[in-house]
Amino acid sequence: MAHSRHSGAPERVTVIGLGRFGTSVAHELSELGYEVMAIDKDQQKVQAASEYVTLAAQGDGTDQELLEQLNVPQSDVVVVAQGENLEASVLSTLLLKKLKVPWVVGKAKTALHGELLHKVGADRVVFPEMDAGVRLAHSLGVRHITDYISLSNTGGIAKIEAPANLVGQTIENLIKDRESKLNILLIKRGNQLITVPHYQETIRAHDELVIVGNDSDIGAFVDHRPGLPKLL
Ligand code: ATP
């Protein structure tokens, strides 16, 4: 069941290529209340998407005539989600920018592919496979990490499930007077978001914490054992 995002009409988004990535984008956008058109060469993929998107159409995303017939240039955003076929991905992106789509997001498999998409006008390039690899690598180092955005080679923003050793501790106990530059950006408690939590906030079981800092500090924070005089 779709729920509305903001007030006002939903934005129109077209997703070209319904592989695993495109399907997940189209499905989530529909859930968020966007008006979604999905295009794929494969009729079976189109059939499956027609269950949840506003309009699903069979066709080639590099075919200008088809894109115009389907009013794709009137979309606010187009996601070029097919990544395997480099030529089709680049051609679609080029064509969509020529047709004056204001925001084109391309999916790239490699850095070079991403560079090509930028060169032909993509407004944003995403690398889901590479990003997933980075997230996994960081989460292996610190087991409680459930999500991670890399900001440099040595640090980033991590989402962690509060480990048992931190439950019952105030933030003050955990990070005040520390030499490290770690910050707790928010605590997610059920559906509640406690943004910029106060030093007196006590961490509870099942809290999720979003923290930013160097990986070594994040690791030390998660491993903190109460009773030890200093964290690092
Ligand atoms: P995944 O998201 O599963 O990783 P992928 O990056 O491997 O996908 P492909 O398998 O190449 O991408 O393609 C994904 C989908 O895009 C397929 O369903 C395919 O039929 C469709 N597709 C590929 N090229 C085109 C095109 N030119 N026009 C429309 N759809 C296309």
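Would you mind telling me which numbered condition in (1) open to solvent by less than 30 Å² (accessible area, probe 1.4 Å); (2) farther than 30 Å from SER216 by Cβ LYS100 fails?
Status for LYS100: all satisfied but (1).
Taking ALA48 as meeting all but one of (1) open to solvent by 20 Å² or more (accessible area, probe 1.4 Å); (2) in contact (Cβ under 8 Å) with a residue 24 or more places away in the chain; (3) more than 11 Å from the ligand (Cβ to nearest atom), write down the number of the exception.
Of the numbered conditions (1) open to solvent by 20 Å² or more (accessible area, probe 1.4 Å); (2) in contact (Cβ under 8 Å) with a residue 24 or more places away in the chain; (3) more than 11 Å from the ligand (Cβ to nearest atom), the odd one out for ALA48 is (3).
Can you pull out the residues in region 69-93 that are surrounded by fewer than 22 Cβ atoms within 10 Å (Cβ to Cβ) and in contact with a Leu (Cβ under 7 Å, 6 or more places away or on another chain)?
Within region 69-93, PRO73, VAL90 qualify.
Just to verify a result, which residue in region 134-167, among those that are assigned to a loop (DSSP other than H, G, I, E, B) and closer than 24 Å to ARG204 by Cα, is least open to solvent (accessible area, probe 1.4 Å)?
Top of the filtered list is PRO163.
Under 8 Å between Cβ atoms, at least 6 apart or on separate chains: pull out the pairs that start in region 57-77 with a residue that is of a type in the set (Gly, Ala, Ser) and end on any residue that is away from the ligand (no atom under 14 Å from the Cβ).
Qualifying pairs under 8 Å: SER75/ARG12; SER75/VAL13; SER75/VAL101.
Would you point out the residue of region 198-217, among those that are closer than 8 Å to ILE171 by Cα and in a loop (DSSP other than H, G, I, E, B), that is least open to solvent (accessible area, probe 1.4 Å)?
Once the filter is applied, the top-ranked residue is ILE203.
The values are calculated or read from the model by the stated rules, or taken from the named source; none is laboratory data. The structure presented is a predicted model; accordingly, all values stated were derived computationally and were not measured. FYI the Cβ positions are ideal-geometry reconstructions off the backbone, even for glycines, and counts take in every protein chain you see. Side chains are part of the model used for accessible areas, which takes the heavy atoms of the whole protein and leaves out ligands, DNA and RNA. Shrake-Rupley method; radii C 1.70, N 1.55, O 1.52, S 1.80 Å.
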